[in-house]
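Inspection log for the structure reproduced underneath, given as structure tokens.
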């Protein structure tokens, strides 16, 4: 694990995403800009977890839960967005858009393939 706060300077979002991709790391962030870079600008990435309004004390626990449950999807390039009540997985080349609430699948729709 690498924490960006340990870096002397902020290299910027594009460079952070590029570093994660080159080191085959899943990027964990609170910032929606990384998802936009991946989806809109098609900057290559390995997988992204975006935490939304999750308290600092629960972030580590939530990340572990997501990695355990969706690690395979993240390895294939998923973007997982979660808040305290639901987890949403944006479709990649390998799977559809899925929203999970607790243990219940809420929605499933096909998304266009995303090149990685």
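From least to most packed, judged by other beta carbons within 10 angstrom and beginning with the fewest, 83, 10 follow the order 10, 83.
Which of rounded, prolate, oblate describes segment 1-100, given a ≥ b ≥ c as roots of the alpha-carbon gyration tensor eigenvalues and a/c under 1.5 marking rounded, otherwise prolate only if a/b is larger than b/c? Oblate.
Among 6, 33, 13, sorting on how many other beta-carbon atoms sit within 10 Å of each Cβ, with the fewest leading, yields 6, 33, 13. Annotation: the residues 74, 27, sorted from fewest to most other C-beta atoms within 10 Å of their own C-beta, follow the order 74, 27. Note: relative contact order over segment 1-96, using C-alpha pairs below 8 Å and six or more positions apart, is 23 percent. Put a dot 7 Å past the Cα of residue 7, heading toward its Cβ, do the same for residue 54, and the two dots end up 2.1 nm apart.
Throughout, read-outs are computed from the coordinates displayed, never taken from laboratory work. Predicted, not measured: the structure shown is a model, and the values here were computed from it. Glycine also receives a Cβ, built like all others from the backbone with ideal geometry; neighbour counts cover every protein chain displayed.
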